[in-house]
Every structure is written in structure tokens, then in C-alpha cells.
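The values are calculated or read from the model by the stated rules, or taken from the named source; none is laboratory data. Small disclaimer: the values here were computed from a predicted structure and weren't measured. Cβ coordinates were reconstructed from backbone atoms using ideal geometry, including for glycine residues, and neighbour counts include every protein chain displayed. Side chains are part of the model used for accessible areas, which takes the heavy atoms of the whole protein and leaves out ligands, DNA and RNA. Shrake-Rupley method; radii C 1.70, N 1.55, O 1.52, S 1.80 Å.
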Amino acid sequence: MAIPEKYEDVERWAFGDTEKQADELAKLVLDGVKTATCANLDGEGIAQPGDVFVVVDGKNKPVCAIELTTTEMTTFEQVDEAHALAEGEGDRTLAYWRNEHKRFFEEYDLFSPDMTLVLMHFKVIEKF
């Protein structure tokens with residue numbers, strides 16, 4: 001199915017850093033398990049509640065549109081169990097979240113325990 005026209009110019013997000021991981025995480029979004037994500041604070045501005053994004057799988061194929069419901073800033077070391085659970089990855093524990101996100105941010109030379117993260121919660125508004 002083609003992506004609805006109203007989403008053609010919407011920013012696309014792939015979760016994870018491999019094709020396999022992007023496929024797995026896109027499925028978790030579709031299944032309602034993954035309802036949150038995070039990003040390092042950069043110079044590109046901060047996404048706001050109400051912003052809409054298109055989630056893509058590992059082959060950059062759109063799978064759904066999401067709308068941000070909340071955003072907040074915190075440091076890596078202050079992320080809590082509730083956020084790790086909402087991200088829905090691995091065994092959904094804070095320990096898993098910390099290990100996986102530390103690895104991800106280190107890959108891009110961004111990691112520090114006090115790095116600022118933007119925590120975002122979202123809801124699926126349309127599946128493709």
C-alpha cells in the first residue's frame with residue numbers, strides 16, 4: 001500500500017541502527033509495545049507534542065504514522081524504569097535500555113552519562 005499523500009513530506013524515522021533492528025522496532029510500534037523513544041539533544045530543535053512522524057522499517061518502507069504525545073529533557077543517567085519499559089526494547093528493563101543506548105550513542109561518539117536526552121512518547125495514528 002502506498003503512503004497516504006498527507007504523509008509524503010513528513011519526516012521519516014527508523015528506530016535502531018541496523019536493518020534487522022529497524023524491522024523489529026517498527027513491529028513493536030505497530031503492536032503497541034514501543035510507545036516511546038529518545039534522541040540526543042542536538043542543534044536541530046526539539047520535537048514537540050503534536051508533531052507527526054512516519055516510522056519506516058529496515059528497508060525504509062513506511063509502516064505507520066505516529067504523533068508525539070509528550071516530550072521531556074533529562075540526562076542519560078536519569079532515565080527511569082518507566083521510560084525503558086515504554087521504549088519496549090529487549091527485556092524492557094532499565095539495565096537493557098542503558099546497555100543498548102550506551103552502545104548506540106558510543107557508536108556516534110556522543111555518549112556521556114550526563115548527556116541530555118529528549119524523551120518522547122507517541123501514539124500510532126495510522127497504520128499503512
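Data table
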| quantity | calculated |
| --- | --- |
| For the range 95-101, 3J(HN,Hα) per residue [Karplus equation, 6.51 cos²θ - 1.76 cosθ + 1.60, θ = phi - 60°, Hz, x = Gly/Pro] | 4, 4, 4, 4, 4, 5, 6 |
| The chain: antiparallel DSSP beta bridges as a percent of all, rounded to 5 | 90 |
| Per-residue HN-Hα couplings for the range 84-90 [Karplus 6.51, -1.76, 1.60; θ = phi - 60°; Hz; x = Gly/Pro] | 4, 4, 5, 5, x, 9, x |
| GluC sites (Glu not before Pro) lying in DSSP loop within the range 34-128, provided at most 11 other Cβ fall within 10 Å | E44 |
| Surface accessible to a 1.4 Å probe, per residue, for the residues of the range 5-127, Å² | 55 |
| Violating pairs (Cα-Cα greater than 18 angstrom) within the set K34/K123; K27/K123; K27/K59; K20/K127 | K20/K127 |
| FRET efficiency, 1/(1 + (r/R0)^6) with R0 25 Å, evaluated for E67 and D109 via beta carbons | 0.20 |
| Spin-label zone in the range 1-23 - amide nitrogen under 17 Å from a point set 7 Å from the Cα of K59 along the C-beta vector | 1-3, 14-15, 18-23 |
| The chain, accessible surface, carbon-and-sulfur percent (1.4 angstrom probe) | 49 |
| Spin-label proximity, K6 to the range 34-54 - amide N less than 16 Å from point 7 Å beyond Cα toward beta carbon | 50-54 |
| Net length gained if the chain between A95 and T116 were fully extended (0.36 nm per residue, minus Cα distance) | 5.7 nm |
| Viscosity 1.567 mPa s, 4 °C: Kirkwood-radius Stokes-Einstein D of the chain over Cα pairs, µm²/s | 87 |
| Virtual spin-label span in nm between F128 and V33, 7 Å along Cα→Cβ | 2.2 |
| Charge dipole of the range 3-128 about the Cα centre (unit charges at C-beta), most positive-ward option of T93, Q48, T74 | T93 |
| Residue-wise HN-Hα coupling along the range 52-62, computed from phi with Karplus coefficients 6.51, -1.76, 1.60 (Hz; x: Gly, Pro) | 10, 9, 9, 8, 10, 8, x, 9, 6, 8, x |
